[in-house]
Amino acid sequence: PDSNSNVMMQWTCVRCTVKNCALLSYCEVCGSKKECDEVERTLEEKKFIEDEKLLRESILEEKKRVRAVRLQKQGERELHIGKIRRQIEELQVELETVRTLLKSKHEISKLTGRPVILFLGNPGSGKSTLTNTLSKRLVCKSGLGSGGGLTKTMQLIELHTGDYKGWDICDTPGLADSLGNGPTSQEISKALSRNTRYKVIFVLTLEANRVRKEDADTIRKVLESVRANIPFGVIFNKVKRVKNPELLLQCLEENVKRKPCAHVIIGRSKDAEDADDVMLDGKYRDKVQQLVDAVPPVLIQRSQVGKVLSKDDLELMEREVDITSTMARLVEIAAGLAAQT
């Protein structure tokens, strides 16, 4: 026989692993019987087959379990993606609503007219009383209503006599009025959008002989809404006593980042505080007149006027940013989950 057949005719001893000739019944080294080797080999093969069968069954069961878990996770992932997509759709609807509301809130009326002396300030600061005083007639309701000032819309009063004949005095609602924050900003934007000359005057009241934060915020918001460096005057109204007016102006300048070109301090008037629809007496009228004279007129064009941002304007803009960032985050999460699927 050739070498290949010799290999095929050999048998291996299980105990000492020595290859023996097929014609031998005993191992040449350890003397083990060939029959014993064959029996042990048969038992080993049977055990191997059984172990292999158990392993295949185990692998099959594991594949079934993994597939079930994968299907379950895929179903949960699809439900999560569906929920995120519904949230995105809802946020898109809300975003459109917010943007529409922001746009409608700041549509400025296309007005044009005579030069304007513009009084600006917060509710109860005395703008209407000063308007009556300067016009020398009771043309505006003054005093405090429930929840804020009486003035809710822009009021234009024509001056027919005096140095400012042909001018209008404009009385505006208070920007910090809790009942009219949104409409108020629109009214102030309208007042500034008449394509004419303005004398801009802010009316402030003090708190513990200090400039109130809401008054400084009002001045800053209005000045920031006009894309021009406009001069302005300040009336400190209803003041009991001020020890250091220069310190008061310094405090105002630090908060507003601008310095008024003129200012005047109007003391408390018991008669004006105790009554509605009043005007101040002659000495205060002269002070107001001197302040108006000291403020130079400035041409403000409609294209220079932006948005006067009120509290609810800022809240809507913040909500718009929140919705946009949330939508972007949800879209990113949905894309990641879809990629895993």
(request) May I ask you to list pairs of residues, at least six apart or on different chains, whose Cβ atoms are under 7 Å apart, with the first in segment 274-292 being at negative phi and the second being at pLDDT 75 or above and among the basic types (Lys, Arg)? (result) 292/199
(request) May I ask you to list the residues in segment 142-172 that are at pLDDT below 80 and open to solvent by less than 20 Å² (accessible area, probe 1.4 Å)? (result) 142, 148, 149, 151
(request) For residues that are in contact with a Lys or Arg (Cβ under 6 Å, 6 or more places away or on another chain) and surrounded by fewer than 19 Cβ atoms within 10 Å (Cβ to Cβ), scanning just segment 239-263, find the one that is nearest to residue 197 (Cα to Cα). (result) 253
(message) Can you tell me which of (1) at pLDDT 80 or above; (2) over 29 Å from residue 223 (Cα atoms) is the one residue 40 doesn't meet?
(response) (1)
(message) Restricting to segment 62-100, name every residue that is surrounded by 13 or more Cβ atoms within 10 Å (Cβ to Cβ), within 27 Å of residue 318 (Cα to Cα) and among the charged types (D, E, K, R).
(response) 85, 94, 99
(request) Just one of (1) open to solvent by less than 100 Å² (accessible area, probe 1.4 Å); (2) modelled with pLDDT under 80 trips up residue 110, so point out which. (result) (1)
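The values are calculated or read from the model by the stated rules, or taken from the named source; none is laboratory data. Remember, predicted model here, so these are calculated numbers, not experimental data. Positions of Cβ are generated from backbone atoms using ideal geometry, with glycine treated the same way; all protein chains shown enter the neighbour counts. Only protein heavy atoms, including side chains, enter the accessible area calculation; ligands, DNA and RNA are left aside. Shrake-Rupley method; radii C 1.70, N 1.55, O 1.52, S 1.80 Å.
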